[in-house]
Amino acid sequence: MRFFIPVFRSLNPFLAVSALILGLPLKHKAQSHYTRQYISVAGKKMSFTSFGLANRRSGEPVVVFEAGFGVTGALDFTRLYPGLSNSAAGIGYDRNGEGESDEDSTIVTDNDIVLRLHLLLKKVHVPPPYLLVGHSMGGAYIRLFTSMYPNEVAGLLFIDAADFMLTDQQDEQIKILSKTGQGSKAWVVPAMDAQARDTTLSPRIRHRSDRLANFFRNGDFWKLYCSLPPLPDIPVGVLAAYHKPVDSSSTNAGVVARLRAGEHFYMENFTELIRNNHNSFVMLLPHYSHSIHTQDPELVVTVIKRLLHSLAKAKDLKK
């Protein structure tokens, strides 16, 4: 049984938070098969899956899915496709070096990733507006996409996104609160460097790990995202796994403490991100896993439909 308390914020000093209290897990329908398609973008093969594009009407938002780090985005969201295909159009893709998309060593920065997605959408003839859906590191990429192409983005959904807004001051507090002397930022570079040096891994995995390590090394990642202009006033949803299940028997207690300490700042930062956005919300999902869209696709489909409804309603009001 699920209890859902929706509370949407408008222009007021506080962010309303929607709470979801879990009961029994839901059973999911069998995943439908969506055939990969391929296209050459900037001289490199890229893989994608889609639904409803042929029936999309002019001006309707298309849902664009951006996967997390190291994830095959063309397949990662296909559990959501059946629930959306009757009312929307969408596309998910493999970034260069992921899944079945060719490696491209010229992609170095996050800006390069966003530029490549934008070019892919043009090549596939998927014009804006876009409702961008980003999971984990994909949340950072859709935030950057919105900054680079603000007039093309109609709405956003962050699915347990990486906290790309974490400040140095907050990280120092995490060190204190977790009693470990290590903040949330410290582990990224050595972890990625270790993967980049691991000769047992494929060249593409080593390359993407090296790229990420170099971008995080001098704090460039947070410098970029903390310098972005405010979001335009578009509907934004934030799904946040809260108190994620952790196997304490196999996980260092300090890591668990650091994760718990970082949750406060995570909510603070995403609250601030959408403070001035109408029809926007944060939904706390106690004890959900990081991959909310695979654990509970029905929930994510419902949230995407809610955002699309907000966009349609706003369009009708402008007529």
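Structure notes:
- Heavy-atom surface analysis with a 1.4 Å probe gives the range 168-317 a carbon and sulfur content of 56 percent of its accessible area.
- Lys/Arg +1, Asp/Glu -1 at C-beta; the chain dipole; positive extreme among Cys226, His293, Ala213: His293
- Each peptide in 260-266, 121-127 was scored by the mean count of other Cβ atoms within 10 Å over its residues; highest first, the order is 260-266, 121-127.
- Taking the average, over residues, of other Cβ atoms within 10 Å as the packing measure, peptides 232-238, 222-228 rank 232-238, 222-228 from highest down.
- Computed E for Ala191/Thr35 - FRET, C-beta separation, R0 51 angstrom, nearest 0.05: 0.90
- For the range 78-150, the C-alpha radius of gyration sits at 1.14 times the compact-globule guess of 2.2 N^0.38 Å, with N the residue count.
- Top positive-direction residue, dipole computed over the chain with Cβ charges, set Ser50, Ala314, Phe164: Ala314
- Simple spin-label estimate for Asp210 and Cys226 in nanometres, 7 Å along Cα-Cβ: 2.9
- Where the chain is the region considered: accessible area per residue in Å², 1.4 Å probe: 48
- Accessible area (Å², 1.4 Å probe, nearest 10) - Ser136: 20
- Residue separation of Ser291 and Asn151 scaled by 0.36 nm, minus their Cα-Cα distance, works out to 47.5 nm of gained length.
- Extension reserve of the Gln173-Asn269 stretch, reckoned as 0.36 nm per residue once the Cα distance is removed: 33.1 nm
- Overall Cα dimensions of the chain, principal axis frame, Å, largest first: 55, 47, 40
The values are calculated or read from the model by the stated rules, or taken from the named source; none is laboratory data. Predicted, not measured: the structure shown is a model, and the values here were computed from it. FYI the Cβ positions are ideal-geometry reconstructions off the backbone, even for glycines, and counts take in every protein chain you see. What goes into the accessible areas is simple: the full protein's heavy atoms, side chains included, and nothing from ligands, DNA or RNA. Shrake-Rupley method; radii C 1.70, N 1.55, O 1.52, S 1.80 Å.
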